[in-house]
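The values are calculated or read from the model by the stated rules, or taken from the named source; none is laboratory data. This one's a predicted model, so the numbers in the text were calculated from it and none came from an experiment. We place every Cβ from the backbone using ideal geometry, glycine too, and count neighbours over all the protein chains shown.
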Amino acid sequence: MIQVAVSQLQGVEKIEGDTGARTITLSYQPELTILSDVRRAMADAGYPPSE
């Protein structure tokens, strides 16, 4: 599940998903994690982000 994969990243504070809209809302500390790490975790979980 995408929420589990992304929430394990250091600095991720909150993640909420809307499967109907196919979106996630994410709160994170940018000094602890970078967006490319979030994108990689999503892809590794089987949910590659759209550009």
Cβ contacts < 6 Å: first residue part of a helix (DSSP H, G or I) and surrounded by 13 or more Cβ atoms within 10 Å (Cβ to Cβ), restricted to the stretch 21-42; second residue at pLDDT 95 or above and small (Gly, Ala, Ser), any location; separation 6+ or different chain. Result? none
Criterion violated by Ser7 - all others in (1) touching a strand residue (DSSP E or B) at 6+ places or on another chain (Cβ under 7 Å); (2) loosely packed, with under 13 Cβ neighbours inside 10 Å satisfied: (2)
